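Only one structure is covered here, and it is reproduced in the block below.
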Amino acid sequence: MLSIPLSPSSRCLRRSSRLLRGGCMALLCWAGIASSQGAEESPLHFDHWNIAPPAPADDPSGDAAPASDPSTFPLEDEFAQRRERVIRMFADEDFARWRRGFFTGGDPGKYLPGAAMAKLLINPDDTMVREYMNDGRSAREHYHFAAVNWARFIPLFADVLTEDTMQLFNERGGRYTDYLTGGGTENHKTMQYTGPLVLPWYTDHGLGNLDRDATLEAGKEWIRDYVRNIYAVGMGEWESSTYHAFTINGFLNVYDFAQDEEVRLIAKAALDYFVGAYALKYTDGVLSGPSQRGFSRHSGASITDALGWLWWGSSDDLVPERNHHHFRYSSHTWTSRWRPNRVLTNIATRNLPQLPAEWRNSKSNYWFGQRIEPRGNHYHESFFVSPSFSLGSLWWGWDRHGQTVRWQLSTRGRDGAVTMTGGHPVMGRIWDGLGRYEQTAQADSTLVLLADIPEDDEYPFTMIHIPENATWPERHEDWWIMRTDDTWIAVHPLTRDTEAVTPAFAPRSSRDQRRGNHPETILHIPGRRSGFILQVAERSTIASVEDLLGALDESAVRIDDDEDTWQVHLTTLHGRDLKVSHQPGERHAQTHIDDQLLTFVDWPVFSGPYFSLDDGVLRAWDGSDGYQVDFTGDLPVYSEWSPDK
């Protein structure tokens with residue numbers, strides 16, 4: 001038995017249960033916040049550790065592009081308030097937990113240093129930090145997570161480390177070759193490889209069997225090559241809701257602490273790429289898909305979105321209290337003098353002169369560290385941004401590791417983002433990892449998904465999420481209608497007998513059970529030839545269900561499904577003619593938009609208004625100010641830019 005049908009009344013009971021738990025959680029969190037604030041006898045000690053907001057004099061690009069300067073960040077007061085809430089959450093953490101059980105031989109260097117930084121900002125004389133950071137265990141840890149933390153802790157907080165600790169650190173790090181040649185995923189390497197650009201300046205020692213100067217030289221050669229390549233073809237591990245943050249953390253270290261201004265300039269260019277791409281997809285606290293390696297379900301409920309929430313906030317004001325564990329890795333953001341400049345912040349917060357807007361982007365192969373040639377245009381992406389939502393999809397994309405998010409809709413809510421995806425549940429997955437048998441096409445806020453499922457696959461259907469904080473879907477002939485606070489969601493299944501169910505084939509993980517997460521409710525669309533049309537609209541422009549149904553009627557959906565042809569033809573809600581034909585054995589559907597055949601040749605890394613990257617040149621613009629970063633030579637070249645230039 002694959003599924004359990006649900007009624008709207010049972011759905012309401014689920015919601016009431018969640019609201020009750022959420023209300024209790026909010027009350028407890030508020031009590032904790034009030035208690036913490038009531039006990040505060042002094043402000044946080046940023047000045048003691050020489051941690052200050054960015055200033056124009058810090059900018060390694062000088063006055064070449066004033067709009068790119070991190071000191072233009074417009075939300076410093078709000079950021080400071082959010083940051084303080086997060087830091088004080090770690091005030092009472094007992095570090096003994098990182099020396100027991102799994103962590104007697106595990107990886108506490110990933111977890112302990114962030115809380116140690118928080119404690120030192122609360123009390124510079126904290127004795128627990130001094131005990132554990134000098135206990136002989138910490139200085140032995142040099143793998144990637146520990147390395148990216150050391151490259152922040154030592155430049156800022158070296159005063160709490162004893163001479164014996166520093167001697168042990170230098171002995172171990174001096175022999176640890178992974179700083180220069182370590183393996184693993186892209187974020188593992190960027191965390192490790194950014195260390196040699198920082199640590200030798202503060203330890204006066206080399207790493208990985210090189211002396212100090214040779215270590216710095218090797219690091220500079222690496223960062224120049226790596227960042228120039230991502231400007232040419234993009235990251236291999238692109239926009240991950242989990243791992244993007246760790247790469248950002250490594251480059252924040254370089255920007256803040258490297259004493260070579262050319263290296264800092266390259267790090268700034270890298271951060272403009274990493275955080276610019278993130279800003280484009282940031283939707284009310286989530287890194288919306290498509291993305292590689294992890295689906296971001298709720299505002300601030302991923303490691304990367306902890307950083308975004310600190311910078312830009314969301315409609316969910318209890319994000320850190322709900323997601324305490326993710327904020328442990330945001331210590332680099334608390335203590336950095338880098339911020340997303342005003343232009344990137346306006347993109348992230350949708351403070352832009354004209355929306356909606358659409359991008360066509362490309363993604364590279366997973367080239368970094370694999371001894372293969374960087375190659376762009378491996379995947380192709382459409383991304384549509386409207387004032388209250390974003391919809392993005394890969395035209396093709398499935399990985400056997402099951403972490404790629406093929407498509408995602410994220411909408412603004414009153415209490416955090418509303419997110420959804422769907423497709424064929426490969427091996428029972430219902431979030432990331434979908435897309436093995438699908439061909440998809442997107443034009444503006446319309447997505448068509450066609451799945452041709454083999455006879456031997458145990459899941460002969462497609463599905464689409466019913467978000468818990470959206471309305472229960474109402475069926476109106478061929479369309480199922482849902483709404484969020486500001487957005488209409490309309491789903492047209494391509495087969496009959498669609499129903500709302502809880503998928504019994506995908507039981508909750510033990511982690512979901514501990515956190516009280518319900519099994520997800522879906523629209524179950526049966527058939528080995530299965531799929532749907534998704535159309536999304538602003539409630540500010542379509543006032544009622546009746547108006548929406550009228551607009552959907554004008555879409556004039558035509559479906560041809562016989563032995564030789566499988567085609568969907570309609571007019572999108574934005575008036576574009578979209579014709580999608582399934583192509584057996586091919587990656588992509590044959591797609592015509594306004595009678596033009598879509599091809600997949602030479603798509604830029606990012607191509608659209610406000611943020612673009614093509615042939616090594618990045619451009620960012622918010623309708624008033626803009627800048628350009630040209631990294632086709634030995635160093636990035638910053639300059640002022642606007643579309644009129």
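Assorted remarks:
- Number of residues in the stretch 235-271 that are part of a loop (DSSP other than H, G, I, E, B) and closer than 30 Å to Gly433 by Cα: the value is 9.
- Those residues of the stretch 62-105 which are in a helix (DSSP H, G or I) and among the basic types (Lys, Arg), in sequence order: Arg82, Arg83, Arg85, Arg88, Arg97, Arg99
- Unmet requirement for Leu449, which otherwise passes all of (1) out of contact with any Gly (no Cβ under 8 Å at 6 or more places or on another chain); (2) open to solvent by less than 10 Å² (accessible area, probe 1.4 Å); (3) more than 21 Å from Ser241 (Cβ to Cβ): (1)
- Qualifying residue in the stretch 211-225 (condition: under 24 Å from Phe606 (Cβ atoms) and β-branched (Val, Ile, Thr)): yes
- Restricting attention to the stretch 527-558, the residues that are under 19 Å from Asp497 (Cα atoms) and surrounded by fewer than 15 Cβ atoms within 10 Å (Cβ to Cβ) add up to 1.
- Among the residues of the stretch 404-450, those identified as assigned to a loop (DSSP other than H, G, I, E, B) and under 24 Å from Ala551 (Cα atoms) are Arg412, Gly413, Thr421, Asp444, Ser445.
- The stretch 83-105, residues that are under 23 Å from the mean Cα position of the chain (by Cα) and open to solvent by less than 10 Å² (accessible area, probe 1.4 Å): Val86, Ile87
- For the stretch 342-364, the set of residues classified as open to solvent by 10 Å² or more (accessible area, probe 1.4 Å) and touching a Lys or Arg at 6+ places or on another chain (Cβ under 8 Å) is empty.
- Within the stretch 316-341, if we keep just the residues that are in contact with a Pro (Cβ under 6 Å, 6 or more places away or on another chain) and either of a type outside the set (S, T, N, Q) or part of a helix (DSSP H, G or I) (or both), the residue that is most open to solvent (accessible area, probe 1.4 Å) turns out to be Arg337.
- Being of a type in the set (Ser, Thr, Tyr), open to solvent by 70 Å² or more (accessible area, probe 1.4 Å) and modelled with pLDDT under 95 holds for only one residue in Ser35, Ser10, and it is Ser35.
- Conditions (1) surrounded by 15 or more Cβ atoms within 10 Å (Cβ to Cβ); (2) at pLDDT below 50: number failed by Pro54: (2)
- Long-range neighbours under 8 Å by Cβ, at least six apart or interchain, first residue closer than 13 Å to Trp222 by Cα within the stretch 176-190, second open to solvent by less than 10 Å² (accessible area, probe 1.4 Å) and hydroxyl-bearing (Ser, Thr, Tyr): Tyr179/Thr215; Leu180/Thr215; Thr190/Tyr226; Thr190/Thr247
- Scan the stretch 69-86 for residues that are within 24 Å of Arg264 (Cα to Cα) and among the aliphatic types (A, V, I, L, M) and the total you get is 1.
- Taking the criterion of being farther than 22 Å from Ser388 by Cα and of a type in the set (Phe, Trp, Tyr), the residues of the stretch 454-504 that qualify are Tyr459, Phe461.
- Residue in the stretch 106-134 that is surrounded by the most Cβ atoms within 10 Å (Cβ to Cβ), counting only those that are out of contact with any Lys or Arg (no Cβ under 7 Å at 6 or more places or on another chain), in contact (Cβ under 8 Å) with a residue 12 or more places away in the chain and in a loop (DSSP other than H, G, I, E, B): Asn134
- Arg414 being open to solvent by 10 Å² or more (accessible area, probe 1.4 Å), closer than 24 Å to Trp488 by Cβ, of a type outside the set (Asp, Glu) and more than 18 Å from the chain's Cα centre (by Cα): yes
- Residues of the stretch 365-406 classified as among the acidic types (Asp, Glu), within 16 Å of Leu434 (Cβ to Cβ) and either open to solvent by 50 Å² or more (accessible area, probe 1.4 Å) or at pLDDT 95 or above (or both), total: 1
- Filter pass, Pro66 being touching a strand residue (DSSP E or B) at 6+ places or on another chain (Cβ under 9 Å) and open to solvent by 50 Å² or more (accessible area, probe 1.4 Å): yes
- Here Arg475 fulfils each of the conditions (1) in a strand (DSSP E or B); (2) touching a residue at least 12 places away in the same chain (Cβ under 8 Å); (3) over 21 Å from Trp238 (Cβ atoms) apart from (2).
- Positions within the stretch 280-315 being open to solvent by less than 10 Å² (accessible area, probe 1.4 Å) and in a helix (DSSP H, G or I), in sequence order: Leu280, Lys281, Thr304, Asp305, Ala306, Leu307, Gly308, Trp309, Leu310, Trp311
- Check on Tyr226, under 14 Å from Leu271 (Cα atoms), touching a strand residue (DSSP E or B) at 6+ places or on another chain (Cβ under 7 Å) and not charged (D, E, K, R): no
- The set of residues from the stretch 612-634 being hydrophobic (A, V, I, L, M, F, W, C) and open to solvent by 50 Å² or more (accessible area, probe 1.4 Å) comprises just one member, Trp621.
- Of all the listed residues (Arg140, Arg152), the sole one being of a type in the set (D, E, K, R) and under 16 Å from Gly206 (Cα atoms) is Arg140.
- Every residue from the stretch 597-611 that is closer than 19 Å to Trp566 by Cα and open to solvent by 40 Å² or more (accessible area, probe 1.4 Å): Leu597
- Contact map, the stretch 334-357: residues that are within 18 Å of Ala67 (Cβ to Cβ) paired with residues that are open to solvent by less than 10 Å² (accessible area, probe 1.4 Å) and modelled with pLDDT under 95, Cβ distance under 7 Å, separation 6+ or inter-chain. No pairs are found.
- The stretch 189-234 - residue that is within 24 Å of the chain's Cα centre (by Cα) and assigned to a loop (DSSP other than H, G, I, E, B) and, of those, surrounded by the most Cβ atoms within 10 Å (Cβ to Cβ): Thr194
The values are calculated or read from the model by the stated rules, or taken from the named source; none is laboratory data. If you're wondering where the values come from, they're calculated on a predicted model, not measured in any experiment. In this analysis, Cβ positions are derived from the backbone assuming ideal geometry, glycine residues included, and neighbour counts consider all displayed protein chains. SASA here: full protein model, heavy atoms, side chains in, ligands and nucleic acids out. Shrake-Rupley method; radii C 1.70, N 1.55, O 1.52, S 1.80 Å.
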